[in-house]
Amino acid sequence: MEYQDLLVEVHDKVALIRLNRPKALNALNDNMMNELGEAFAKFEKDPAIHVIILTGSEKAFAAGADIAAMKDYTYQDTHRDNYIGRNWEHILKVRKPVIGAVSGFALGGGCELAMMCDFLVAGDNAKFGQPEIKVGVTPGAGGTQRLPRAIGKAKAMDMLLTTRMIDAAEAERIGLVSRVVPADKLIEEVLEIAQGIAQMPVSVAMQIKDCVNRAFETTLSEGVNYERRLFHAGFGTPAQREGMYAFLEKRLPNFEGL
Ligand code: CAA
């Protein structure tokens, strides 16, 4: 399928989606977000795909929502049309693992979109920020909610109120990203990480994602109960049998199709 604002490749069991509006530093407009929804839905359905990578260009993951597109919106337009809610959060419906690979700017809606990924790997040139206040609005895609959960209130407030951009090293130190790698090796490294996950049983990867996301929506005891149900339900499945027998037989497990 051809997209106008995305580039899409498949590497074995891994889909790589690149945001592609280079002239606008991948500013997120309606068409791009609609296409992103379509691409996620397609890979979610495709049994050959186990992991999805979302990335941008070397200069920008995404510099935010498209300011030129929204500059004249009124409250009525945004509310009636459910701006952002309508087409930004498809990524949250994806049950397979989604890794964000961030190079360059991830600002405003770009940082918010990155935070909707399951985890982030950053190039050493990455810069994260929530500068919405400078263009006269609050964040609109989870910046005031996911950011404090990810890095704590003090750092989040600092970023949201001062618009200070943090670099990759600080983002790793405070837990916004899981690893930092040289920018020119970012895609290579993230593909290797994704290929590793893709060798695991996709059914279990999806359950782990489900459990971790539940941790942010429920109490600890409810979350642990939920996890335990899935743990119990895993016994007798082909993935459990293969994983445990392979360990005891001192061979590599083969989770193909599991
Ligand atoms: N929307 C639309 N166009 C954007 C854009 C955005 N968010 N960010 C960058 N661009 C465009 C610029 O207008 C420019 O276009 P022209 O060449 O046609 O003038 C092009 O991308 C290159 O940008 P710069 O010349 O500014 O590049 P730079 O290297 O000097 O600066 C930058 C890079 C610091 C990222 C700067 O572009 C910038 O500050 N961008 C805006 C960041 C921002 O405010 N993001 C938040 C948007 S609001 C939001 O996201 C709401 C929400 O929560 C959902």
**OP:** Report, ordered by the first and then the second residue, all pairs with beta carbons closer than 8 Å, sequence separation of six or more or different chains, a first member in region 233-253 that is part of a helix (DSSP H, G or I), and a second member that is among the polar types (S, T, N, Q).
**Re:** Ala239/Ser203; Glu242/Asn254; Ala246/Asn254
**OP:** Quick one: Phe61 ticks every box in (1) more than 18 Å from Cys111 (Cα to Cα); (2) in contact (Cβ under 8 Å) with a residue 12 or more places away in the chain; (3) assigned by the TED database to the domain that holds Gly143 except a single one, so which number is it?
**Re:** (1)
Original post:
Are there any helices (runs of 4 or more DSSP H) wholly within region 87-171 with 2 or more residues that are within 29 Å of Lys13 (Cβ to Cβ) and in the same structural domain as Lys71 (by the TED database), and if so which?
Top reply: 109-115, 146-151
**OP:** Kindly establish whether Ala101 is buried (at least 24 other Cβ atoms within 10 Å of the Cβ), within 15 Å of the ligand (Cβ to nearest atom), touching a residue at least 40 places away in the same chain (Cβ under 8 Å) and among the hydrophobic types (A, V, I, L, M, F, W, C).
**Re:** no
Original post:
Any idea which of Glu188, Glu222 is assigned to a helix (DSSP H, G or I), out of contact with any helix residue (DSSP H, G or I) (no Cβ under 6 Å at 6 or more places or on another chain) and more than 23 Å from Lys59 (Cβ to Cβ)?
Top reply: Glu222
Original post:
Any idea which residue in region 104-122 is nearest to Leu161 (Cα to Cα), counting only those that are more than 9 Å from the ligand (Cβ to nearest atom) and buried (at least 24 other Cβ atoms within 10 Å of the Cβ)?
Top reply: Ala106
**OP:** Among the residues of region 129-152, count how many are near the ligand (Cβ under 6 Å from one of its atoms) and touching a residue at least 40 places away in the same chain (Cβ under 8 Å).
**Re:** 5
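The values are calculated or read from the model by the stated rules, or taken from the named source; none is laboratory data. Predicted model, so just to flag it, every value in this text is computed and none were measured. FYI the Cβ positions are ideal-geometry reconstructions off the backbone, even for glycines, and counts take in every protein chain you see.
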